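K.L.:
Dropping a structure here in structure tokens format, bear with me for questions.
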Amino acid sequence: MKKVQLSHTGIEVSCLCLGTLRFGTRKTYIDLYYAHHDDPHTPLEETLKAFETLVQDGKIRFYGASNYLPWRLADADAICQRYRWAGYCCVEQRFSYLRPRSGGDFGLQCLIDEHLMSYCDARGKTMLAYTPLLRGAYVRSDRSIPSPYLGQDTDERLKALREVAQELEKTPNQVVLAWMLHRQPPLIPVFSAGTAEHMRENLGSLDVDLSPEHMEKLDQAGHCPNDEPV
Ligand SMILES: NC(=O)c1ccc[n+]([C@@H]2O[C@H](COP(=O)([O-])OP(=O)(O)OC[C@H]3O[C@@H](n4cnc5c(N)ncnc54)[C@H](OP(=O)(O)O)[C@@H]3O)[C@@H](O)[C@H]2O)c1
């Protein structure tokens, strides 16, 4: 294994981890490089310029944001527009079928909410959802639903999910992933699976055909007109 030298930049360390540090001699690049979370202590312009330089150097093709608040994305876009930089092409935040309770604490993790969805839709940014399966909690007795997701609508949402899954003879996990993929524009779930069985099950979500009625039922479950949209 190659030794990481102190002189290597963050991008070079990432490439070393992927086994692809060959800039210059052979064309190699990272397709999508993320800012894992917003860094409020570094001027956005500096962060974006660093990403843009990596694109111009051919080291990455696209850059994306993760755990950003919508107004920070808007600021980033304004800077990129000024300098004609590509800007963040996608946004990866926490999201699942269950809706977080108002004021639920997720620490440094930022969520996909209605405001972010509408911003990304309007700006043509792809949205990706991490921890979509709540680490298996929809189906596993050894994983409980995280407390920030326990709210007034939780039981209704779980009921709708199980009913749709039963009707289609699919698993709740598959329905959660398919529900995200059926959104227009689609929301791409980023799941992990430690077993081949789980991976096969999750990839089976690509074959789940949700009708408009299923989507309506899943969308509306637990909906209260006076709720703050989440
Ligand atoms: N940008 C960020 O800040 C951020 C934060 C968190 C995560 N992420 C990304 O998102 C990815 C997914 O996040 P995650 O791992 O937290 O969430 P997840 O995909 O919701 O949960 C993965 C967990 O669920 C279990 N699981 C998966 N499929 C299952 C199935 N069909 N049945 C039962 N259990 C199942 C897995 O167990 P087994 O191992 O037993 O299969 C694993 O423990 C990560 O790999 C990471 O790349 C990004």
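The values are calculated or read from the model by the stated rules, or taken from the named source; none is laboratory data. If you're wondering where the values come from, they're calculated on a predicted model, not measured in any experiment. Note: ideal-geometry Cβ built from the backbone for every residue, glycine included; neighbour counts use all protein chains shown.
K.L.:
Among 141, 118, which is the only one that is in a loop (DSSP other than H, G, I, E, B), surrounded by fewer than 14 Cβ atoms within 10 Å (Cβ to Cβ) and of a type in the set (S, T, N, Q)? Please lay out each step first, then the result.
P.N.:
Details: 118 fails: in a loop (DSSP other than H, G, I, E, B).
Testing whether each residue is in a loop (DSSP other than H, G, I, E, B), surrounded by fewer than 14 Cβ atoms within 10 Å (Cβ to Cβ) and of a type in the set (S, T, N, Q) leaves just 141.
K.L.:
Filter region 91-115 down to the residues that are exposed (fewer than 15 other Cβ atoms within 10 Å of the Cβ) and of a type in the set (Asp, Glu), then identify the one that is farthest from the ligand (Cβ to nearest atom).
P.N.:
Quick first cut of region 91-115, residues exposed (fewer than 15 other Cβ atoms within 10 Å of the Cβ) only: 102-103, 105, 107-109, 114-115.
Filter once more, so that each one left must be of a type in the set (Asp, Glu): 105, 114.
Details: 105: 15, 114: 20 Å.
Filtering first and then ranking leaves 114.
Each row is one residue, and each column tells you yes or no for (1) without any contact (Cβ under 8 Å) to a residue 24 or more places away in the chain; (2) of a type in the set (Ser, Thr, Tyr); (3) out of contact with any strand residue (DSSP E or B) (no Cβ under 7 Å at 6 or more places or on another chain).
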{"site": "46", "(1), (2), (3)": "yes, no, yes"}
{"site": "53", "(1), (2), (3)": "yes, yes, yes"}
{"site": "58", "(1), (2), (3)": "no, no, yes"}
{"site": "62", "(1), (2), (3)": "no, no, no"}
{"site": "69", "(1), (2), (3)": "no, no, yes"}
{"site": "73", "(1), (2), (3)": "no, no, no"}
{"site": "80", "(1), (2), (3)": "no, no, yes"}
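K.L.:
Of all helices (runs of 4 or more DSSP H) completely enclosed by region 170-230, which ones contain at least 3 residues that are within 16 Å of the ligand (Cβ to nearest atom)?
P.N.:
172-182, 196-203
K.L.:
Still on this structure, please answer the following. Considering (1) away from the ligand (no atom under 16 Å from the Cβ); (2) at pLDDT 95 or above; (3) within 24 Å of residue 182 (Cα to Cα), say which one residue 84 fails and leave the rest.
P.N.:
Evaluating residue 84 over (1) away from the ligand (no atom under 16 Å from the Cβ); (2) at pLDDT 95 or above; (3) within 24 Å of residue 182 (Cα to Cα) leaves (3) as the failure.
K.L.:
Out of 148, 189, 172, report the one residue that is under 22 Å from residue 130 (Cα atoms), in contact (Cβ under 8 Å) with a residue 40 or more places away in the chain and in contact with a helix residue (DSSP H, G or I) (Cβ under 9 Å, 6 or more places away or on another chain).
P.N.:
When all the criteria are applied, what remains is 189.
K.L.:
Any residue at all in region 53-64 that is surrounded by 20 or more Cβ atoms within 10 Å (Cβ to Cβ), modelled with pLDDT of 95 or more and hydrophobic (A, V, I, L, M, F, W, C)?
P.N.:
Looking through region 53-64, none of the residues is surrounded by 20 or more Cβ atoms within 10 Å (Cβ to Cβ), modelled with pLDDT of 95 or more and hydrophobic (A, V, I, L, M, F, W, C).
K.L.:
Residue 132 fails exactly one of the following numbered conditions: (1) within 14 Å of the ligand (Cβ to nearest atom); (2) free of Cβ contacts under 8 Å to residues at least 12 places away in the same chain. What is the number of that condition?
P.N.:
(2)
K.L.:
At positive phi, modelled with pLDDT under 95 and outside any strand (DSSP E or B): is that true of residue 103 in this structure?
P.N.:
Working: at positive phi: yes; modelled with pLDDT under 95: yes; outside any strand (DSSP E or B): yes.
Taking the combined requirement at face value, the residue satisfies it.
K.L.:
Quick one: residue 151 ticks every box in (1) surrounded by 15 or more Cβ atoms within 10 Å (Cβ to Cβ); (2) modelled with pLDDT of 95 or more; (3) not in a helix (DSSP H, G or I) bar one, so which box is it?
P.N.:
With (1) surrounded by 15 or more Cβ atoms within 10 Å (Cβ to Cβ); (2) modelled with pLDDT of 95 or more; (3) not in a helix (DSSP H, G or I) applied to residue 151, the lone miss is (2).
K.L.:
Which one of these is farther than 26 Å from residue 110 by Cα, of a type outside the set (Phe, Trp, Tyr) and in contact with a Leu (Cβ under 8 Å, 6 or more places away or on another chain): 164, 175?
P.N.:
Working: 175 fails: farther than 26 Å from residue 110 by Cα.
Criteria check complete, one pass: 164.
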